[in-house]
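Notes follow the structure.
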Amino acid sequence: MINILLGLVERLAHLDRLKFFLATAPSRWDTSNANASSSSSDPYLNMGMGMNAAHHPPAHPALNRFLLPNQEYVTCVLWNGLYHITGTDIVRALVFRFEAFGRPVRNMKRFEEGVFSNLRNLKPGQDATLEEPKSPFLDLLFKYQCVRTQKKQKVFYWFSVPHDRLFLDALERDLKLEKMGLEPTTQVVGEPAQSFICDDAFKSSLYEQFVTAAGAKTMRAT
């Protein structure tokens, strides 16, 4: 029981560090020792529970990376004066977020389809850049495992990605599937997911409920 609680605390602490990275990475840039190994130059590597990342490519001055427990990175990429994140890394962050929530992804293909459906709302020119196949930008992203393919694709502006909404929308999709007796893309295995209760009395989306609750909490605090 103690080990389970310690694991939960550790996951949630790592999640807090990821959220901090997603909120602050462009303002916490460190290009020193750009040619050194990622273990010495990555300002967020120490957030990765002391894991060894020696098998990853060396650090690059255009990349600011956060190491996840599974040894994958979520990367903030500076290109043409703008900060970016790939769809692949958005999914990686969400997958870890669900794991920390106690509801790991079991059907990755369908989970990704749902996330990328949401990401279609982010338009090129406003929220993303549309990169042509094997462009210099995609070449860099592919080399550092930020994308899985160099096919034509959107790369998203860092601050245009609504990470909280993507998480809540994915969770709501699975809750609706469960309610209909269908197989969700994630599975409840522990806390805090086991204790989570969705109030079906609300007609609004889970995200809208979250925003309303956050607003009420802010009002009480003031």
Legend entry - Test: residue in the stretch 56-75 that is over 15 Å from Cys146 (Cα atoms), touching a strand residue (DSSP E or B) at 6+ places or on another chain (Cβ under 9 Å), basic (Lys, Arg) and at pLDDT 50 or above: no
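Just to be sure I understand, how many residues within the stretch 180-196 are at pLDDT 90 or above and outside any loop (DSSP other than H, G, I, E, B)?
1
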Inset, instruction - Tell me, please, whether a residue that is charged (D, E, K, R), closer than 21 Å to Arg17 by Cα and either touching a residue at least 12 places away in the same chain (Cβ under 8 Å) or in a strand (DSSP E or B) (or both) can be found in the stretch 63-72. - result: yes
Inset, instruction - Run Trp29 past the list (1) modelled with pLDDT of 90 or more; (2) assigned to a loop (DSSP other than H, G, I, E, B) and report the number of the one that doesn't hold. - result: (1)
Inset, instruction - Would you mention how many residues in the stretch 138-166 are assigned to a helix (DSSP H, G or I), under 21 Å from Ala93 (Cα atoms) and of a type outside the set (A, V, I, L, M)? - result: 8
Inset, instruction - Give the stretch 119-147 a look and list any residue that's surrounded by 12 or more Cβ atoms within 10 Å (Cβ to Cβ), of a type in the set (S, T, N, Q) and out of contact with any Leu (no Cβ under 9 Å at 6 or more places or on another chain), or say none. - result: Ser135, Gln145
Legend entry - Selected residue (only one of Thr149, Thr185, Thr129 is hydroxyl-bearing (Ser, Thr, Tyr) and free of Cβ contacts under 8 Å to residues at least 24 places away in the same chain): Thr149
Legend entry - Answer from Phe96, Phe101, Phe116 - the residue that is on the phi < 0 side of the Ramachandran plot and at pLDDT below 95: Phe101
Legend entry - Set Pro104, Pro124: member being within 23 Å of Leu22 (Cα to Cα) and touching a residue at least 60 places away in the same chain (Cβ under 8 Å): Pro104
Inset, instruction - Note down all Cβ pairs under 9 Å where the first residue falls in the stretch 8-21 and is over 17 Å from Gln71 (Cα atoms), the second is small (Gly, Ala, Ser) and not in a helix (DSSP H, G or I), and they're at least six residues apart or on different chains. - result: Leu8/Gly102; Leu8/Gly190
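The values are calculated or read from the model by the stated rules, or taken from the named source; none is laboratory data. These figures come from a predicted structure and were not determined experimentally. Glycine gets a Cβ as well: all are built from the backbone with ideal geometry, and neighbour counts include every protein chain shown.
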